[in-house]
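Structure record follows, encoded as structure tokens.
The values are calculated or read from the model by the stated rules, or taken from the named source; none is laboratory data. Here the structure is a predicted model, which is why all the values come from computation and not from measurement. Virtual Cβ from ideal backbone geometry, glycine too; neighbours counted across all protein chains shown.
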Amino acid sequence: MTVGSAVLNILVFPGFLFLVAFGLAGEFVDRKLYARLQNRQGPPWYQPLADFLKLLGKENVIPEGADRPTFRLAPVFALAAVVASIFYIPLGSTTSVLPFEGDLIVVLYLLVIPTVAFFLGGWTSRSVFATIGAFRAITQVFAYEIPLFVALLAPALLANTWSISGIAAYYAGHPWLWLVNLLGFGVALVSLLGKLEKVPFDTPEAETEIVAGSFIEYSGRRLAFFRLAIDCEAIVGASLVAAVFLPFGLGLTPVLGILVYVAKVLLILGILALLRTLFARLRIDQMVHFCWSVVAPIAFLQILINLVVRELI
Amino acid sequence: MPDKKRTVRVPIGPQHPALKEPESFMVDLQGEKITSVALRLGYNHRGIEKGCEERTYMQDLYLVERVCGICSHSHATAFVQAVEEIAGLEIPRRAKYIRTLIAELERVHSHLLWLGVAGHEIGFDTLLMYSWRDRELVMDLFAELTGNRVNYAMNTLGGVRRDIAAEQFPHILKIVDALEERTKYYIELAMTEETLAQRLSGVGRLSKEDAVRLGAVGPTARASGADRDTRRDDPYAAYDELEFRVITDDRCDVFGRAVVRLGELMQSYSLIRQILKQMPEGPIAVKAPLKIPAGEAVSRYEAPRGEDVHYVRANGTDKPERVKVRAPTLANTQSIAKMLEDGYLADLPIVVAAIDPCFSCTDRTIAVRGGRDSKTMGWEELVQYGVRWYRERGVDPSRIKVRGDESA
């Protein structure tokens, strides 16, 4: 890889610019769909961008007594980790920008960093609401992260590789085998709701209880970047789920491939919007209980199924 | 014994997204569990009672209507009933029916509003958007019948201000039919939706004994099995001529309160249909005197949130000597602390919302806090305090006549 193409990859596609544009568009799709499902008008297409630009111009406040470097760096870490993980996920084809054996683990690791950043940001804010939100965020990690890991492990077992590109390539070579992983797909979607802190798992920022949780003391530029990180995380999470669980339409021309990829991500965002329309917010104890007693067993069942299928084929 | 070191104090209010009006709940937490709640009222004292003493009865009617934006008809009716009792006015039957019609429509709009707020408090915004959309039907109906979406100003001394034409009946019935359809859907939703049941069942428990002991009123009391409803126990307006069931529930939790309110919605639709069917012909008001003879009266009224009590004392002039409002929320606030015992922080918004609080309507006393002598003041005391305060600063208030303060 030449330096030029590396810079292009990092800054334009599939890196920063593409991810930001897609993230803002994804937020619009989510908000518009959510609004329409609730019989509301919803925002115009440029609303997420307008919100972002408006926040950039607002005053930056750092609360007294906060750990300034941590408080400042938390949004940057969140966004950087999300952008970094997109390089290991195959988008329109069966190979990512930097595929290697084990990139699945790296991506999962990188995708935990935003949550840790939310925790640190909230923890250092010294606000009681932010502290409770931070605690809830970290509690929630233990509830949804394991089912997500296990759910993603199952297709990898069947494909016999730890590389997302490898998994995509395997399922592209074995059409219809992805249907085996439908249970895992469901588990991944539920976990994604937890990761993105959306209803019914939005306890860490529950507006009516703890105002905005970890983000309560954030304002201006830093809040803008936190929100952007969440938008991008939604895209990266959906891309990961799409690459592992919906591996079809991969052998097409680059342009057509990207279109199919965009359609898949939008489908997943649509399902997430639908789910958050349907439910009430769970309490943190109910959330943990639900994840461990319902979601995790289903994820383990998926492993069992895949082990059996692997013996059969 | 709670461990002092591990207790976190969280201020919910006076400014907080869960509260639509300023009120303060100091919550002590251990983890997510609530160990104690300190409640403080009084952020919204508007001096309406004093204001009433400065205005004529007719002006008071409009002021009292503004005690609450949601149950404006409740306060206006409770007030006007008290004044009519003192003046010995017998209002026409048609006026009674129209008052009852507006009262029940108000209950419909208030309960639908509550349903939405409850949904929002547990993060179920879809319910909020749906029920408030449906509520628009009633609001528009109000605009059509009374000229206003809120603060309908339907009452006047001796009857009502506006007649309802027979041509308007079919439209009212059509809207009631539509709302009944929607309410049935919400009842089904409440009974089948899993996350809703999880968030509401067993939350904010208030036993029947506690409900009675703490003086809970309205749906809060009825959801704890306390069978009290002023409409039946002490009928006013046209309620003695109408058939309805008082909805109670034994669940004693927030879910029960939702069930009671949904059930009451169905009763209200039935009441509205009966009113339109039995509406008598005749005048809508009798002439009322400007000066009300000396006397006093207490008027009870079943507002959507519970029993609303107004006390009026007349002294023979055109202005009341004293007006006292006991809004239903004041009766219900006592039970909040009980309901929150051993609860989760996450349940606090919905538990508070479940009494359908209307704090601005409630605030009647002023507490001086944080100073050297922290104490609660009644009205008389406050007047004396004001007089003293000015006297200390060289202003002589002796020439200012203070009404209702004979001792001075």
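Would you check if there is a residue in the stretch A:186-193 being within 14 Å of chain B (Cβ to nearest Cβ) and not aromatic (Phe, Trp, Tyr)?
Yes, the stretch A:186-193 contains a residue that is within 14 Å of chain B (Cβ to nearest Cβ) and not aromatic (Phe, Trp, Tyr).
Filter the stretch B:1-16 down to residues that are within 33 Å of the chain's Cα centre (by Cα), in a loop (DSSP other than H, G, I, E, B) and modelled with pLDDT of 80 or more and give me whichever is farthest from the other protein chains (Cβ to nearest Cβ).
Ranking the candidates gives B:Pro14 first.
Give the stretch A:198-223 a look and list any residue that's surrounded by 24 or more Cβ atoms within 10 Å (Cβ to Cβ), modelled with pLDDT of 80 or more and within 14 Å of A:Tyr144 (Cβ to Cβ), or say none.
A:Pro200, A:Phe201
Please enumerate the residues belonging to the stretch A:63-96 that are of a type in the set (S, T, N, Q), in a helix (DSSP H, G or I) and surrounded by fewer than 24 Cβ atoms within 10 Å (Cβ to Cβ).
Going residue by residue through the stretch A:63-96, those that are of a type in the set (S, T, N, Q) are A:70, A:85, A:93-96.
This time we only want the ones that are in a helix (DSSP H, G or I), so: A:70, A:85.
Residue satisfying the conditions is A:Thr70 alone.
Among the candidates B:Glu23, B:Glu53, which residue alone is among the acidic types (Asp, Glu) and not assigned by TED's automatic domain parsing to the domain that holds B:Ile284? Can you show your working first?
Details: B:Glu53 fails: not assigned by TED's automatic domain parsing to the domain that holds B:Ile284.
From the options B:Glu23, B:Glu53, the qualifying one is B:Glu23.
Return the pair list, or none, for Cβ contacts closer than 7 Å from residues in the stretch B:343-359 that are more than 7 Å from chain A (Cβ to nearest Cβ) to residues that are of a type in the set (S, T, N, Q) and surrounded by fewer than 23 Cβ atoms within 10 Å (Cβ to Cβ), at least 6 apart or on different chains.
Every condition considered, the pairs that remain are B:Phe359/B:Asn44.
For the stretch A:168-180, name all the residues that are surrounded by 22 or more Cβ atoms within 10 Å (Cβ to Cβ) and either within 19 Å of the chain's Cα centre (by Cα) or outside any helix (DSSP H, G or I) (or both).
Residue satisfying the conditions is A:Ala168 alone.
Residue-by-condition table, conditions (1) more than 14 Å from chain B (Cβ to nearest Cβ); (2) in contact (Cβ under 8 Å) with a residue 12 or more places away in the chain:
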residue: A:Leu269; (1), (2): yes, yes
residue: A:Phe279; (1), (2): no, yes
residue: A:Met287; (1), (2): no, yes
residue: A:Ile303; (1), (2): yes, yes
residue: A:Val309; (1), (2): yes, yes
residue: A:Leu312; (1), (2): yes, no
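Is it true that B:Glu106 is farther than 19 Å from B:Met266 by Cα, away from chain A (no Cβ under 14 Å) and charged (D, E, K, R)?
No.
Assess whether A:Gly220 counts as being away from every other protein chain (no Cβ under 13 Å) and closer than 21 Å to A:Ala159 by Cβ.
Against the criterion (away from every other protein chain (no Cβ under 13 Å) and closer than 21 Å to A:Ala159 by Cβ), A:Gly220 does not qualify.
Are there any pairs, at least 6 apart or on different chains, whose C-beta atoms fall under 9 Å, with the first in the stretch B:18-47 and within 12 Å of another protein chain (Cβ to nearest Cβ) and the second of a type in the set (Phe, Trp, Tyr), and if so, which?
These pairs meet every condition: B:Leu19/B:Phe25; B:Leu19/B:Phe359; B:Lys20/B:Phe359; B:Gly31/A:Phe135; B:Glu32/A:Phe135; B:Glu32/B:Tyr344; B:Lys33/B:Tyr344; B:Ile34/B:Tyr344.
Select from the stretch A:197-217 the residues that are in contact with a Leu (Cβ under 7 Å, 6 or more places away or on another chain) and more than 9 Å from chain B (Cβ to nearest Cβ) and list them in ascending order.
Answer for the stretch A:197-217, where residues must be in contact with a Leu (Cβ under 7 Å, 6 or more places away or on another chain) and more than 9 Å from chain B (Cβ to nearest Cβ): A:Lys198, A:Phe201, A:Phe215.
Would you check which residues across the stretch B:275-299 are of a type outside the set (A, V, I, L, M) and within 30 Å of B:Ile86 (Cα to Cα) and list them?
Those that are of a type outside the set (A, V, I, L, M) and within 30 Å of B:Ile86 (Cα to Cα): B:Gln278, B:Pro280, B:Glu281, B:Gly282, B:Pro283, B:Lys287, B:Pro289, B:Lys291, B:Pro293, B:Gly295, B:Glu296, B:Ser299.
Out of curiosity, is B:Ala288 assigned to a loop (DSSP other than H, G, I, E, B) and crowded, with 16+ Cβ neighbours inside 10 Å?
Taking the combined requirement at face value, the residue satisfies it.
Could you pull out every one of the helices (runs of 4 or more DSSP H) wholly within the stretch B:127-232 that has 1 or more residues that are more than 14 Å from every other protein chain (Cβ to nearest Cβ), surrounded by fewer than 17 Cβ atoms within 10 Å (Cβ to Cβ) and more than 21 Å from the chain's Cα centre (by Cα)?
Hits in the stretch B:127-232: B:169-192, B:208-213.
Within the stretch B:51-60, can one find any residue that is in a strand (DSSP E or B) and more than 14 Å from chain A (Cβ to nearest Cβ)? Working first, answer last.
Kept after step one, since they are in a strand (DSSP E or B), are these residues of the stretch B:51-60: none.
No: zero hits.
Output the number of residues of the stretch B:249-282 satisfying the condition of being without any contact (Cβ under 8 Å) to a residue 60 or more places away in the chain, farther than 18 Å from B:Thr183 by Cβ and not in a helix (DSSP H, G or I).
4
Which ones in the stretch A:263-295 are over 30 Å from A:Gly249 (Cβ atoms) and either among the small types (Gly, Ala, Ser) or assigned to a helix (DSSP H, G or I) (or both)?
A:Ala280, A:Ile284, A:Asp285, A:Gln286, A:Met287, A:Val288, A:His289, A:Phe290, A:Cys291, A:Trp292, A:Ser293, A:Val294
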